[in-house]
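Working notes for the structure below.
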Amino acid sequence: MSNENKIAKGGCLCGAVRFEAKGEPFGANHCHCLSCRKHTGAPVVTLSGWKADQITFTGTPRKIYSSSEGVGRAFCGECGTPLTWEGISGSGIGAIVEIHISVWDDPTLFEPTSHMHDGERIAWFDVADKLPRYTVWDEGKGPAHVGPAKKA
């Protein structure tokens, strides 16, 4: 099967909202921004990013909260599961949907390759990996550093 024909599926906790993605994501990363943390209640969020036309939603329509200008954060209106960050990519990709890793049926399919908004990371929380850390977003300037903030 070619990558264009690859299909991954997922959904909310109660199963009312389902979705599928065709092909490969353009990326997967950990996000430490305040907005993502507030949306999920977690100290860090892991997302896989897709062009909007790669994603199809079925079942109960997701609810979308406009968290800032041009940004929607979707969730299930039945069980409250946070699902997505949706907006226009600043890197020229166009409309994108970033899906929370844990709502995929198989979240192991999308391994993160970086940390974004590390400048907003909660000081007492860190992930002990060797991934690049970007202070805000990867704007082609390279990471602020690689690996955890503190050496163990």
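Those strands (runs of 3 or more DSSP E) of segment 65-127 in which at least 3 residues are closer than 12 Å to THR46 by Cβ, considering only elements entirely within it, cover 95-100. Quick one: in segment 40-51, of everything that is assigned to a strand (DSSP E or B) and out of contact with any helix residue (DSSP H, G or I) (no Cβ under 8 Å at 6 or more places or on another chain), which residue is nearest to PRO112 (Cα to Cα)? So the residue we want is GLY49. When the test is whether a residue is within 16 Å of the chain's Cα centre (by Cα), closer than 22 Å to ASP126 by Cα and buried (at least 20 other Cβ atoms within 10 Å of the Cβ), CYS31 passes it. Selection of first residues in segment 106-132 that are among the aromatic types (Phe, Trp, Tyr) and of second residues that are in a loop (DSSP other than H, G, I, E, B) and buried (at least 16 other Cβ atoms within 10 Å of the Cβ), restricted to Cβ pairs under 8 Å at least 6 apart or on distinct chains, gives the following pairs, ordered by first then second residue: PHE110/PRO25; PHE125/VAL44. Between ARG73, ARG133, the distinction of being touching a strand residue (DSSP E or B) at 6+ places or on another chain (Cβ under 6 Å), basic (Lys, Arg) and at pLDDT below 95 belongs to ARG133 only.
ASP118 - would you say it is of a type outside the set (Lys, Arg) and either surrounded by fewer than 17 Cβ atoms within 10 Å (Cβ to Cβ) or modelled with pLDDT under 90 (or both)? No; evaluated as a whole, the condition is false for this residue.
Please enumerate the residues belonging to segment 62-105 that are in contact with a Cys (Cβ under 7 Å, 6 or more places away or on another chain) and among the acidic types (Asp, Glu). GLU78 - this is the single residue of segment 62-105 that is in contact with a Cys (Cβ under 7 Å, 6 or more places away or on another chain) and among the acidic types (Asp, Glu). With GLU98, GLU86 as the choices, which residue is among the acidic types (Asp, Glu) and either farther than 23 Å from LYS141 by Cα or surrounded by fewer than 17 Cβ atoms within 10 Å (Cβ to Cβ) (or both)? Of the residues listed, the single one that is among the acidic types (Asp, Glu) and either farther than 23 Å from LYS141 by Cα or surrounded by fewer than 17 Cβ atoms within 10 Å (Cβ to Cβ) (or both) is GLU86. Being out of contact with any His (no Cβ under 6 Å at 6 or more places or on another chain) and closer than 14 Å to ARG18 by Cβ is a property that does not hold for THR40. Taking the conditions (1) closer than 29 Å to VAL146 by Cα; (2) out of contact with any Asp or Glu (no Cβ under 9 Å at 6 or more places or on another chain); (3) of a type in the set (S, T, N, Q) in turn, SER66 satisfies each one other than (1).
Filtering segment 48-77 to residues that are under 20 Å from SER91 (Cα atoms), polar (S, T, N, Q) and either within 13 Å of the chain's Cα centre (by Cα) or surrounded by fewer than 15 Cβ atoms within 10 Å (Cβ to Cβ) (or both) leaves SER48, SER68. Checked against the criterion of being part of a loop (DSSP other than H, G, I, E, B), more than 30 Å from THR135 (Cβ to Cβ) and touching a helix residue (DSSP H, G or I) at 6+ places or on another chain (Cβ under 8 Å), segment 52-62 has no qualifying residue. The set of residues from segment 5-20 being in a loop (DSSP other than H, G, I, E, B), of a type in the set (A, V, I, L, M) and buried (at least 16 other Cβ atoms within 10 Å of the Cβ) comprises just one member, ALA16.
The values are calculated or read from the model by the stated rules, or taken from the named source; none is laboratory data. Nothing here was measured: the structure is a model prediction, and the numbers come from that model. All Cβ positions, glycine included, derive from the backbone under ideal geometry; neighbour counts span all protein chains shown.
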